[in-house]
Amino acid sequence: MKKTTTLLILLFLASSSLWGQKRQLHIPSNKDGNPKSSYSFNTEFSKRIALSSIPKSDNLYHCRLWIYRQIIEVWVKPTKVVSGLITSWTQEYDQIKEERTENYFYKSYELDSNKSVQILKLIDSLKINGIPDIHFSGRFRSIADGTDYIIETANETEYNYRTYWTPAITDTTQESVIISNFIEEASRLANASENWDKFTKVIPYKCYTNGGVIACVYTEEEYRKMQNENNH
């Protein structure tokens with residue numbers, strides 16, 4: 001296993017011949033040359049939930065996958081050690097004002113080292129680093145057709161911020177299938193569903209949201225009271 005992992009790491013670093021130099025950033029930009037709002041928002045949001053800055057890290061390789069309400073990431077340290085993390089987050093919702101507050105709650109769980117290595121192998125076998133951003137695909141799509149996912153990757157010389165669209169009911173292109181498979185398998189290896197269930201048990205808010213559905217937690221007494229009020 002150790003020999004296989006070492007070879008895998010070398011494959012990731014094979015294209016990085018100028019070690020130690022500042023990373024070249026590849027991020028989506030608007031016509032005016034400024035970063036797209038998605039990148040700017042995620043950069044600030046990363047700070048709010050204590051995620052490290054990938055462009056500024058000293059890791060030999062780093063991959064961060066943004067899925068709905070969770071972030072899965074694996075990285076290779078300068079010592080060649082492979083590590084991983086899954087972070088769950090949510091935002092407080094004020095039921096009285098019917099609006100989101102500025103309060104966020106998040107919790108990170110370390111991934112099992114074997115699972116981290118498996119995700120790293122998955123990235124390599126599916127050639128995730130080589131799939132271009134959807135903004136350069138030229139294919140038309142409707143917002144209602146699928147879901148956007150974000151993948152950040154970095155080796156020692158380059159950083160890439162890419163957005164992907166999946167699942168696409170009518171899009172059976174190879175890239176779409178690969179990204180769908182990667183998200184599904186990475187989520188399974190990171191125990192995303194189990195981690196979310198564990199996370200919801202410690203959320204300190206009465207109501208919370210992740211941008212769409214609003215969830216509220218009531219005691220049995222509170223629920224009965226609310227039902228009585230609604231019936232009058």
> Are any of the residues in the range 105-113 surrounded by 13 or more Cβ atoms within 10 Å (Cβ to Cβ), at pLDDT 95 or above and closer than 15 Å to Ile179 by Cα?
Replying inline: no
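Looking only at the range 174-227, count every residue that is charged (D, E, K, R) and in a loop (DSSP other than H, G, I, E, B) and tell me the total.
2
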> Taking Glu156, is it within 21 Å of the chain's Cα centre (by Cα), modelled with pLDDT of 90 or more, closer than 19 Å to Leu120 by Cβ and surrounded by fewer than 18 Cβ atoms within 10 Å (Cβ to Cβ)?
Replying inline: no
>> Residue under question is Val74, and the condition is that it be more than 13 Å from the chain's Cα centre (by Cα) and within 17 Å of Ser116 (Cβ to Cβ); does it hold?
In response: no
> Considering only residues of the range 201-213 that are surrounded by fewer than 13 Cβ atoms within 10 Å (Cβ to Cβ) and more than 16 Å from Ile49 (Cβ to Cβ), which is farthest from the chain's Cα centre (by Cα)?
Replying inline: Lys201
> Which residue, of Lys80, Lys97, is of a type in the set (D, E, K, R), surrounded by 11 or more Cβ atoms within 10 Å (Cβ to Cβ) and either in contact with a Cys (Cβ under 6 Å, 6 or more places away or on another chain) or assigned to a loop (DSSP other than H, G, I, E, B) (or both)?
Replying inline: Lys80
>> Go through the range 23-55 and report how many residues are part of a loop (DSSP other than H, G, I, E, B), within 24 Å of the chain's Cα centre (by Cα) and either modelled with pLDDT of 90 or more or surrounded by fewer than 11 Cβ atoms within 10 Å (Cβ to Cβ) (or both).
In response: 10
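The values are calculated or read from the model by the stated rules, or taken from the named source; none is laboratory data. Since the structure is predicted, the reported quantities are computational estimates derived from the model, not experimental observations. Using ideal geometry, Cβ is built from the backbone for each residue, glycine included, and neighbour counts are taken over all protein chains shown.
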